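Reading through the structure tokens given below for one structure.
No value in this document is a laboratory result; all are computed from the given coordinates. Values in this document were obtained by computation on a predicted structure and should not be read as measured data. Cβ coordinates were reconstructed from backbone atoms using ideal geometry, including for glycine residues, and neighbour counts include every protein chain displayed.
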Amino acid sequence: MGTGGAGGKATGGSGGAGGKATGGASGAGGNAAGGVPGTGGSADGGATLPGWVLTWSDEFDGPDNSAVDSTKWVYDTGGSGWGNNELEYYTTGTANAVVQGGNLVITATTAGASSFTCSYPSNGPCGYTSARIRTQGKFTQEYGRFEARIQIPEGQGLWPAFWMLGADISDSATNWPKCGEIDIMENIGKEPSINHGSLHLPAAGTANDDQLTGMYTLPGGAKLGDGFHTYAVEWSASAIEFYVDDNLYETQTPATATGRDWEFNQPFFIILNVAVGGNFPGAPTSSTTFPQTMKVDWVRVYQPTDAG
């Protein structure tokens, strides 16, 4: 797993879905403040995109205060540090993940955290609780457009993410990073204007993470947490393109992954979470206020109309 890099995700915790870790070298992508228009976002709430067919979605339109749809999501639980020295305990049910006002609301909080036991930084009462949900065992897809409209939390030590892992992570012979990882939205609180888009994959012939990453910076000093933004990847056998609000800011291909094993030719599942602390963001400080929320308006997955 590596440490001190641009921030990725690794195995650890319950459910075999992987935790988050840092490490790896930066690849192609760079830092973009503008970008090239993509296929057309759907920030207006419409699920129809020209050239694409919707294959799966969650609009989070259930009754207020209800739990996430159990036919689509499962919970990761625990306070193991998740391979990254994180500080939160992930809970089930509606304690930290609830449908409210047509959004999924994931809340990171200190309230009630001490009733849970965390193993990092030492075995004892937790300082924070949050939630992490995944579609593993419910939905996977190979290739397509994966997008979500999200308003992220703000503050030092917060680490929200919308990401995917290869479905074969549960195979002990595969595990992470050989399963592959696609980070569509990853932010750390000390960088309120920056989204990190990354791939995690092994250095050729090894089990060592050697990531490829790029960054998108909102222009004019605007903060991602001030409103909703649409985060997406368009993934094919030949390339993975990263978008924020339909601005293309990063493209990765087998050619940009020289010296690495390209692991992105299998189905992946989706994960949403808000971590607190960890190697990448660092711990919260006295300036960080709680509770903090990540609001998800929808998650949508498409295939090209000409697929198959």
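Looking only at residues in the stretch 120-136 that are touching a residue at least 12 places away in the same chain (Cβ under 8 Å) and surrounded by fewer than 14 Cβ atoms within 10 Å (Cβ to Cβ), which one is nearest to the chain's Cα centre (by Cα)? Before you say what the answer is, go through the steps one by one.
Residues of the stretch 120-136 touching a residue at least 12 places away in the same chain (Cβ under 8 Å): 120-121, 125-136.
Subsequent filtering for residues that are surrounded by fewer than 14 Cβ atoms within 10 Å (Cβ to Cβ) retains 121, 125.
Details: 121: 23, 125: 26 Å.
Ranking the candidates gives 121 first.
What number of residues within the stretch 275-302 are β-branched (Val, Ile, Thr) and within 30 Å of residue 236 (Cβ to Cβ)?
Looking only at that region, the number is 3.
Select from the stretch 236-251 the residues that are surrounded by fewer than 22 Cβ atoms within 10 Å (Cβ to Cβ), among the hydrophobic types (A, V, I, L, M, F, W, C) and over 15 Å from residue 199 (Cβ atoms) and list them in ascending order.
248, the sole residue that qualifies.
For the stretch 90-104, which positions are touching a residue at least 60 places away in the same chain (Cβ under 8 Å) and at positive phi?
Just the residues of the stretch 90-104 that are touching a residue at least 60 places away in the same chain (Cβ under 8 Å), to begin with: 90, 102-104.
Listed by number, the list holds a single entry, 102.
Suppose we keep only residues that are exposed (fewer than 15 other Cβ atoms within 10 Å of the Cβ) and among the small types (Gly, Ala, Ser) within the stretch 218-235. Which one would you say is nearest to residue 151 (Cα to Cα)?
227
Of all residues being acidic (Asp, Glu) and either within 16 Å of residue 269 (Cα to Cα) or in contact with a strand residue (DSSP E or B) (Cβ under 7 Å, 6 or more places away or on another chain) (or both) in the stretch 44-83, which is surrounded by the fewest Cβ atoms within 10 Å (Cβ to Cβ)? Just the residue, please.
64
If you go through the stretch 168-201 one residue at a time, how many are crowded, with 21+ Cβ neighbours inside 10 Å and either touching a helix residue (DSSP H, G or I) at 6+ places or on another chain (Cβ under 8 Å) or over 18 Å from residue 83 (Cα atoms) (or both)?
Adding up the residues that qualify gives 12.
Go through the stretch 167-181 and report how many residues are assigned to a helix (DSSP H, G or I) and over 22 Å from residue 54 (Cα atoms).
Residues flagged as assigned to a helix (DSSP H, G or I) and over 22 Å from residue 54 (Cα atoms) within the stretch 167-181 amount to 7.
With respect to the numbered conditions (1) free of Cβ contacts under 8 Å to residues at least 40 places away in the same chain; (2) closer than 16 Å to residue 242 by Cα, which one is the sole condition not fulfilled by residue 192?
Among (1) free of Cβ contacts under 8 Å to residues at least 40 places away in the same chain; (2) closer than 16 Å to residue 242 by Cα, the lone unmet condition for residue 192 is (2).
Of 139, 116, 146, which residue is out of contact with any helix residue (DSSP H, G or I) (no Cβ under 7 Å at 6 or more places or on another chain), surrounded by 22 or more Cβ atoms within 10 Å (Cβ to Cβ) and aromatic (Phe, Trp, Tyr)?
Result: 146 is the single residue among 139, 116, 146 that is out of contact with any helix residue (DSSP H, G or I) (no Cβ under 7 Å at 6 or more places or on another chain), surrounded by 22 or more Cβ atoms within 10 Å (Cβ to Cβ) and aromatic (Phe, Trp, Tyr).
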